[in-house]
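J.: Got a structure here, written out as structure tokens. Questions coming.
What follows is calculated from the coordinates using simple rules that are stated; it is not laboratory data. Every value quoted in this text rests on a predicted model; they were computed, and no experiment measured them. As a convention, Cβ positions derive from the backbone with ideal geometry for all residues, glycine included, and neighbour counts pool all protein chains shown.
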Amino acid sequence: MRTRDCLLYLITPPRFDPSVFPDMLARALDGGDVAALQLRLKGADDDAQRRAAEALLPLCKDRDVPLLMNDRPDLAAETGCDGVHIGQQDSDYRQARDTVGNDAIVGVTCHDSRHLAIEAAEQGADYVAFGAFFPTATKQAKSSAPVEILEWWSGLMVVPVVAIGGITAENCPPLVRAGADFLAVVSAVWDHPEGPAAAVKAFNEAVRGAA
């Protein structure tokens, strides 16, 4: 994952048709810079997650975009994903690292906790994620993170930080200026009225304008 500039970190819709979604994803990835894609299918069974990973991996590899599995280090390793994103209730960092290996990406949700973030970074996490920064309908946010936590982190640590929660092209500039390395986005891309490519382009322009 690149950290030169603030970049998009896409998260899949909570449900999608694996025979249709790859075309939508291709349009999104071709719309501008995207750092990574997280496969997040809460509630889906293992076979559904395997099929989704198999459908998306070739497309991501062709575009040099890492694919991370949400919650499941075991499935990430089994399907050949580039890494895993774990929440505080999903998996222990050390167990996740042992499962996916030292070359894989392991990111950790830290909500609005500076303590959890420092702990994850010291253990070796490749990135920490703070949020939610804005109201979101994608999931029930367990915390509300202030923009200042990004300023604190970027001034203290070199481990990249992901901002998540209700982020749009319109409201993201303060997060960019505060030091976010990545903006995790779901509905603002997939539900964009002009399509995912237009959404990615709009985010890229907003990030450049805020820098």
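J.: Roughly how many debye, to the nearest 20, is the charge dipole of the chain about its Cα centre, given +1 on each Lys and Arg Cβ, -1 on each Asp and Glu Cβ, and no other charges?
T.: The dipole of the chain has a size of about 320 debye.
J.: I would also like to ask the following. Around Ala26, with a cut-off of 10 angstrom between Cβ atoms, what is the net charge of the other residues, counting Lys and Arg +1 and Asp and Glu -1?
T.: Residues near Ala26 contribute -1 overall.
J.: Take Leu156 and Arg208, extend 7 Å from each Cα along the Cα→Cβ direction, and tell me the distance between the two endpoints in nm.
T.: For the pair Leu156/Arg208, the computed spacing is 3.4 nm.
J.: Still on this structure, I have one more. Defining a contact as two alpha carbons under 8 Å apart and six or more residues distant in sequence, what relative contact order in percent does the chain show?
T.: Once normalised by length, the contact order is 22 percent.
J.: Continuing with this model, one more query. Among the complete DSSP H segments of the chain, which ones combine at least 18 Å of alpha-carbon extent along their axis with a mean Kyte-Doolittle hydropathy of 0.0 or more?
T.: Span-like helices here: 196-210.
J.: Could I have the simple spin-label model distance between Gln89 and His115, label points 7 Å from Cα toward Cβ, reported in nm to one decimal?
T.: For the pair Gln89/His115, the computed spacing is 1.9 nm.
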